[in-house]
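Below: the structure, in structure tokens.
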Amino acid sequence: MLAGKHVVCGVCGGIAAYKAAALVSALARKGCHVHVVMTRAATEFVAPLTFRSLSGNPVCIEMFAEPKIWKVEHVGLAEQADLTVVAPATANVLAKMATGLADDFLSTLLLAVRCPVFVAPAMNEAMFCHEATQHNLEVLRGRGVRIIGPAAGMQACGTSGVGRMSEPGEIVAALEVFLTQQGRWRGRKVLVTAGGTREPLDPVRYIGNAGSGKMGHALAEVFQESGAEVVLVTAAEREAPGGVKCVRVTTAEQMRSAVLADFADADVVVKTAAVADYRPVQAAEQKIKKTGGQEDDRLRVELVPNPDILAELGRMKEKQFLVGFAAETHDVLAHAEEKLRRKNVDMLVVNDVTQEGAGFGVDTNIVTVLCRDGSREDWPLMSKKELAERLAEVVLERLQSD
């Protein structure tokens, strides 16, 4: 899968820079055209000659050095690259990537590349766990950057913890898995809904829920990476994955209209959105004000049901494979099995939101997957990105077996 690929390897200034030599060597043995870009700090740990010898290509360090190719060099490398890997990725470079800072060759190139980008963080555990680093990693994930590791173990500072750069073999394996998955969904259209809808009471207040959209956005990213044409209908205030058609909505009615507009052409529909079940009969045109005493300030709101989008799609579907999500708090499997039948879905992913790690707004999930043929799988705690990848695989297997 890697043979013939142009891979840019960014090497940052950390003790793990010595592992980058093994990574470059492994990629070259796989038949890659490897181009190494070092930060000035990285040259304090490993000599550029090492990487030039292993890659067979000049090493880029200085932004204003005499270019080794005719084009502006960082632009030329960016246009050539099929994959970009930053290993080790220090806290400093992660911060630059998250904020768009471009003050040296590597950070400037990272703004110019349009290929998939992978980073393998390497730093002291305290630095890795710092809220600033974790925030930067979350920003990068939201932009589609793939994070490899880090591992736990002894560190150069003498402490033990999370922050060790993943081994070169693990990084190469991650690249091969990514390339294997690319294109498996090519020619298929996937419609994903995400986020919690909001039903206005007045211009400043609404009835809603705690749906964050993390699961739906992760699914949209995974399907897009696998080659599908993806439409994401989202009520979440989150950055959409690159390459997807994103339709922003607020209310359940808006979501229904957006979904129906693309439903006929979809091969797969995944409804992760937490759609509000009810909405006010009428939203006030002006902000509702308090009127006086405690009794007078009681607010009575008449609610009417919102359209059940999943059930409507279950009645309409012909060729579509329909996947629903259900968040439950009690009698989880009983409610899920009833919903599976009543809404005529092909697959239902249910979670108990009272479990730690499976509620709204977190980066992980614990689910049970029920299928119309009666099969059932219990999936343990995993990241929502991992769950999305696993779900995409299961759905594809179902489509191919039909």
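The values are calculated or read from the model by the stated rules, or taken from the named source; none is laboratory data. All of these numbers come straight from a predicted model, not from anything done at the bench. Neighbour counts are summed over all protein chains in view; Cβ atoms, including those assigned to glycine, are modelled from backbone coordinates with ideal geometry. For the accessible areas, the whole protein counts, side chains as well, though only heavy atoms, and no ligand, DNA or RNA atoms are used. Shrake-Rupley method; radii C 1.70, N 1.55, O 1.52, S 1.80 Å.
Applying 1/(1 + (r/R0)^6) with R0 = 30 Å to the Cβ-Cβ distance of GLU62 and ALA152, what FRET efficiency is obtained, to the nearest 0.05?
0.25
Say the dipole of the chain comes from +1 at the beta carbon of Lys and Arg and -1 at that of Asp and Glu; which of THR159, SER107, ILE288 then lies farthest toward its positive end?
It is SER107, whose Cα lies furthest towards the positive end.
How far is it, in nm, from the label point at GLU79 to the one at ALA28 when both lie 7 Å from their Cα along the line to the Cβ?
According to this spin-label approximation, the distance is 2.7 nm.
Please compare each pair in LYS189/LYS271; LYS271/LYS317; LYS96/LYS385 to a cut-off of 19 Å on the Cα-Cα distance and tell me which ones are over it.
The pairs that break the limit, which is 19 Å between Cα atoms, are LYS96/LYS385.
How would you rank 1-11, 159-169, highest first, on the average number of other Cβ atoms within 10 Å across their residues?
Packing proxy ranking, top to bottom: 1-11, 159-169.
Taking all protein chains as present, what is the carbon and sulfur share of the accessible area of the stretch 242-327, in % to the nearest whole number, probe 1.4 Å?
Ligands and nucleic acids excluded, carbon and sulfur give 45 percent.
Name the helices (complete DSSP H segments) of the chain with a Cα length along the long axis of 18 Å or more and a Kyte-Doolittle mean of at least -0.5, or state none.
Span-like helices in the chain: 17-29, 168-181, 384-401.
Estimate the FRET efficiency between LEU299 and GLU338 by the formula 1/(1 + (r/R0)^6), using the beta-carbon distance for r and 45 Å for R0, to the nearest 0.05.
So the FRET efficiency works out to roughly 0.85.
Heavy-atom accessible area per residue, the chain, 1.4 Å probe: how many Å²?
Heavy-atom SASA per residue in the chain reads 48 Å².
I need to check one value: relative contact order of the stretch 193-317, counting alpha carbon pairs closer than 8 Å and at least 6 residues apart, in percent.
This gives 31 percent for the stretch 193-317.
Antiparallel DSSP bridges in the stretch 294-392: what percent, to the nearest 5?
Bridges in the stretch 294-392 that DSSP calls antiparallel: roughly 60 percent.
Using a/c under 1.5 as the rounded threshold, could you call the stretch 128-267 rounded, prolate or oblate? The axes a ≥ b ≥ c are square roots of the C-alpha gyration tensor eigenvalues, and prolate needs a/b larger than b/c, oblate otherwise.
It comes out oblate by the Cα gyration axes.
Rounded to the nearest 20 Debye, what is the dipole magnitude of the chain about its Cα centre when Lys and Arg each give +1 and Asp and Glu each give -1 at the C-beta?
Around 680 debye, computed over the chain.
Quick check on packing: order 387-399, 262-274 by the mean number of other C-beta atoms within 10 Å, highest mean leading.
262-274, 387-399
How high is the relative contact order of the chain, in percent, with contacts defined as C-alpha pairs under 8 Å that are six or more residues apart?
11 percent
For the full complex of protein chains and a 1.4 angstrom probe, list PHE51, PHE45 by accessible area with the highest value first.
Reading off the accessible areas and sorting them downward yields PHE45, PHE51.
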